[in-house]
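What follows is one structure encoded as structure tokens, with my remarks underneath.
The values are calculated or read from the model by the stated rules, or taken from the named source; none is laboratory data. Please read all numbers here as calculations on a predicted model, not as lab measurements. Here Cβ is always computed from backbone atoms with ideal geometry, including for glycine, and neighbour counts include all displayed protein chains. These accessible areas exclude ligands, DNA and RNA; they are computed on the full protein's heavy atoms, side chains included. Shrake-Rupley method; radii C 1.70, N 1.55, O 1.52, S 1.80 Å.
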Amino acid sequence: MTTATETPAALPAKALRLVEAAEARLRRAVWPRMEAIAQTCFQRVIEAFQAEKIGEEHFYSVTGYGHDDLGRAATDRVFARALQAESALVRTQIVSGTHAIAVGLRGCLEPGDTLLCITGAPYDTLEEVLGIRGDQPGSLKRQGIHYQEVSAFEGEGEEAVLPESLPQAVCLAIPAAKVVYIQRSRGYSLRPTLSIANLRRMIEQIRLLNPKAIVFVDNCYGEFTDTDEPTGVGADLMAGSLIKNPGGGLAPTGGYIAGRTDLVTACANALTCPGVGAKGGYTFDLSRTLLQGLFMAPGAVLEAMKGMTLAASVFEAAGYATTPCATDVRGDIIQAIRLGSAEKVVRFCQLVQRFSPVNAYVSPEPAVVPGYSDAVVMAGGTFIDGATLEFSADGPLRAPYTVFLQGGLTYLQPRLAMIHLLDALGEHDPRTP
Ligand SMILES: *Cc1c(COP(=O)(O)O)cnc(C)c1O
């Protein structure tokens with residue numbers, strides 16, 4: 001029987017050595033840059049709190065209509081500053097990242113308008129929102145919004161590269177668009193994630209072709225991975241989930257929309273109704289939690305990114321293809337590892353689950369999940385259900401059998417999991433047999 005005084009079992013020595021060797025490389029070549037980014041983001045976040053004079057009075061909710069809720073209004077302003085935006089709408093009534101994006105688009109678009117996505121196929125769950133899969137009432141298509149999709153990338157999947165200037169097909173489509181939609185993170189595709197430098201350049205080119213276009217960025221997974229946010233490099237509006245990066249692991253639910261004040265106002269009307277906008281809505285005594293989550297977010301994102309570089313490094317050493325590579329500049333907290341077989345994807349996710357704090361005794365199995373078109377195996381032994389700033393893994397069961405690993409509120413968790421994954425999968429650095 002395990003007793004409280006028992007020390008944990010010794011770590012498998014060979015796998016531990018591989019992890020330590022990877023850490024020595026990362027400490028030299030990769031982590032200093034990430035730490036500098038996190039410090040810059042943290043400084044912006046804490047200055048936002050100071051500028052808005054956050055105090056105890058912001059931590060209490062007003063029931064009913066929620067009129068004059070000081071905490072709700074202050075949370076919006078602190079997030080706006082932290083995200084380099086004019087205004088923000090931060091709500092637990094926004095149920096997910098997909099919902100935040102859907103409300104954002106409804107705020108910007110009217111019947112007859114054209115929505116142009118320039119980063120190829122959007123994240124799976126957006127397909128029903130747009131009306132390009134299924135035919136749901138309430139889809140943008142049913143509301144008379146034209147959707148057009150082009151790709152700024154050359155090539156497909158892992159071969160995709162972003163050329164210096166936008167391809168001709170993209171340039172030709174931009175002048176007619178009311179909203180130009182950019183997905184920053186790769187999500188569950190293999191094309192590269194956009195760096196902030198790329199995003200800045202892309203937006204400059206869009207402006208030249210169509211100065212009136214609303215540039216909308218799906219910022220899911222991108223927050224605090226670089227020194228600037230999309231709204232700091234020219235985007236008009238962006239949206240994301242609070243159970244990803246900006247919730248800092250504390251937000252129990254919610255989403256945000258941030259950007260130009262006129263657009264955020266329209267989005268608030270789309271979320272509640274004209275006349276209420278951002279001025280109503282109960283906050284469930286969660287303003288303190290959302291603010292504290294934002295305060296924790298840059299540090300938590302740093303921990304997650306360190307964990308992902310470790311995963312990339314040890315699997316590269318074992319001969320697997322990874323995107324991004326351990327030393328690449330990152331624009332999100334996702335690590336794709338091409339495992340090459342459905343069995344390995346399932347096994348990998350089962351091991352991630354085993355080194356989780358919640359439901360570690362459960363063994364995940366592939367299943368079809370609403371909003372996704374292929375069977376997916378998902379590991380997420382997280383405190384907040386579905387939270388992917390917490391250490392978690394997803395593998396859509398389709399070729400080339402890539403597992404998507406993300407998150408880690410503390411680096412110690414992915415580190416421990418990697419040691420055991422290397423051991424259990426029998427992987428080792430071919431250079432040190
Ligand atoms: C997670 C994600 C979404 C949607 O977020 P949900 O909260 O799961 O609805 C949209 N776009 C990208 C790129 C994402 O990673």
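Residues that are more than 16 Å from the ligand (Cβ to nearest atom), more than 21 Å from the chain's Cα centre (by Cα) and more than 20 Å from GLY104 (Cα to Cα): does segment 265-280 have at least one?
no
In segment 226-248, what residues are within 15 Å of the ligand (Cβ to nearest atom), open to solvent by 20 Å² or more (accessible area, probe 1.4 Å) and touching a helix residue (DSSP H, G or I) at 6+ places or on another chain (Cβ under 6 Å)?
Passing the criteria: none in range.
Kindly provide the set of residues from segment 121-146 that are within 16 Å of the ligand (Cβ to nearest atom), crowded, with 16+ Cβ neighbours inside 10 Å and not hydroxyl-bearing (Ser, Thr, Tyr), ordered by number.
If the condition is that a residue be within 16 Å of the ligand (Cβ to nearest atom), crowded, with 16+ Cβ neighbours inside 10 Å and not hydroxyl-bearing (Ser, Thr, Tyr), then PRO122, ASP124, LEU126, GLU127, GLU128, VAL129, LEU130, ILE132, LEU140 are the ones that fit.
Does segment 310-329 contain any residue that is on the phi < 0 side of the Ramachandran plot, open to solvent by 30 Å² or more (accessible area, probe 1.4 Å) and touching a His at 6+ places or on another chain (Cβ under 9 Å)?
Taking every residue of segment 310-329 in turn, none turns out to be on the phi < 0 side of the Ramachandran plot, open to solvent by 30 Å² or more (accessible area, probe 1.4 Å) and touching a His at 6+ places or on another chain (Cβ under 9 Å).
Can you tell me which of (1) basic (Lys, Arg); (2) part of a loop (DSSP other than H, G, I, E, B); (3) more than 19 Å from LEU115 (Cβ to Cβ) is the one LYS306 doesn't meet?
Failed condition: (2).
Would segment 279-291 turn up any residue that is assigned to a loop (DSSP other than H, G, I, E, B), closer than 18 Å to GLY71 by Cα and charged (D, E, K, R)?
yes
Within segment 193-224, how many residues turn out to be away from the ligand (no atom under 16 Å from the Cβ) and not hydrophobic (A, V, I, L, M, F, W, C)?
So the count comes out to 8.
Are any residues in segment 372-391 open to solvent by less than 20 Å² (accessible area, probe 1.4 Å) and either assigned to a loop (DSSP other than H, G, I, E, B) or within 11 Å of the ligand (Cβ to nearest atom) (or both), and if so, which ones?
Result: GLY381, THR382, ALA387, THR388, LEU389, GLU390, PHE391.
Taking segment 255-278 only, how many residues are touching a residue at least 24 places away in the same chain (Cβ under 8 Å), in a helix (DSSP H, G or I) and not β-branched (Val, Ile, Thr)?
Selection size over segment 255-278: 8.
Residues in segment 339-358: is at least one part of a loop (DSSP other than H, G, I, E, B) and without any contact (Cβ under 8 Å) to a residue 24 or more places away in the chain?
no
Look through segment 268-296, keep the residues that are closer than 28 Å to GLN43 by Cα and of a type in the set (D, E, K, R), and return whichever of them is least open to solvent (accessible area, probe 1.4 Å).
ASP285
Give me the pairs: first residue in segment 12-36 and under 14 Å from LEU310 (Cα atoms), second residue outside any helix (DSSP H, G or I), beta-carbon distance under 6 Å, and six or more apart or on different chains, which are they?
Pairs found: LEU18/ASP429; ALA29/THR327; VAL30/THR327.
Cβ-Cβ under 6 Å, sequence separation 6+ or interchain: first residue in segment 405-417 and part of a helix (DSSP H, G or I), partner surrounded by fewer than 21 Cβ atoms within 10 Å (Cβ to Cβ). Which pairs?
From residues that are part of a helix (DSSP H, G or I), the pairs are LEU416/PHE355; ALA417/PHE355.
Looking at GLU365, is it of a type in the set (Asp, Glu) and under 19 Å from the mean Cα position of the chain (by Cα)?
no
I'm checking my understanding of the structure. Among residues of segment 71-104 that are under 14 Å from GLN183 (Cα atoms) and buried (at least 24 other Cβ atoms within 10 Å of the Cβ), which one is farthest from the ligand (Cβ to nearest atom)?
Of everything passing the filter in segment 71-104, GLY104 is farthest from the ligand (Cβ to nearest atom).
Do any residues in segment 95-116 that are under 15 Å from ILE214 (Cα atoms) and assigned to a helix (DSSP H, G or I) have Cβ atoms under 9 Å from those of residues that are among the polar types (S, T, N, Q) and more than 16 Å from the ligand (Cβ to nearest atom), where the two are at least six apart or on different chains, and which pairs are they?
Listed by first residue and then by second, the contacts come to ARG106/GLN143; GLY107/THR265; GLY107/ASN269.
I'm told SER185 meets every condition in (1) of a type in the set (S, T, N, Q); (2) within 16 Å of the ligand (Cβ to nearest atom); (3) without any contact (Cβ under 8 Å) to a residue 40 or more places away in the chain except one. Can you identify the failing condition by its number?
Result: SER185 passes all but (3).
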